[in-house]
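Taken together, the values in this text are just the output of simple stated rules run on the coordinates, not laboratory data. Since we're looking at a predicted model, the values are computed, not measured. With ideal geometry, Cβ positions are generated from the backbone for all residues, glycine too; neighbour counts draw on all protein chains shown.
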Amino acid sequence: MRTAAIARGGHRERRPTGTAAIGGFVLKQLPFTATPDGRSSRWPPFTMAAVLVGLLIAPLSLSAAAAPSESAAQHYQSGLAYERLGRLNEAYTELQLACALDADDARLALALGVVALRLKQYDVAQRTLEHSIILDSNSTASYYELAYLYEKQNAVDRALDSWNRFLALNQDDLLKLEAQKHIRLLEAPRL
């Protein structure tokens with residue numbers, strides 16, 4: 001395959017001949033065609049039309065992708081996606097926006113609390129996890145995360161309360177055993 005050096009933005013870029021880059025996208029050129037005067041053309045008419053359409057559509061699609069989403073659900077989904085990718089700061093920002101748009105959704109508060117906890121922003125984590133429990137008093141996940149947070153803060157009484165509530169609400173035997181283990185450790189006399 002032949003390549004050509006193309007000057008672009010002060011540096012040279014190498015890409016296969018017969019291709020063109022538009023808006024960062026590399027378009028593959030279709031086979032050469034003959035022009036009416038008998039010379040070969042690098043751009044068949046339908047390829048040129050595709051390039052022009054691409055030039056018109058690319059800025060629209062890029063601006064649509066960069067536009068901020070307006071609903072709490074969209075920010076929530078974006079926040080979860082960022083969290084799964086390990087991009088916690090972006091997740092935190094998206095989840096804050098989601099909570100600002102819908103302060104009465106316990107799922108949003110829980111998600112923000114978990115991400116804040118992972119970012120070691122304990123004050124924010126505590127506020128949002130407590131808020132998620134106010135919104136949904138049966139949220140086992142909120143009690144679980146809050147119990148761990150209280151343990152980190154050495155708030156033994158609060159941790160015990162959260163573990164006991166988690167234990168009362170939870171149906172899973174393995175998680176009940178974990179909660180009981182934490183309760184025993186917290187109730188054990190300290191030296």
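What the table shows:
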{"quantity": "Proxy reagent accessibility, fewest Cβ within 10 Å first, across 156, 114, 124", "calculated": "156, 124, 114"}
{"quantity": "Gain upon complete extension [residue 93, residue 136; 0.36 nm per residue less C-alpha separation]", "calculated": "13.2 nm"}
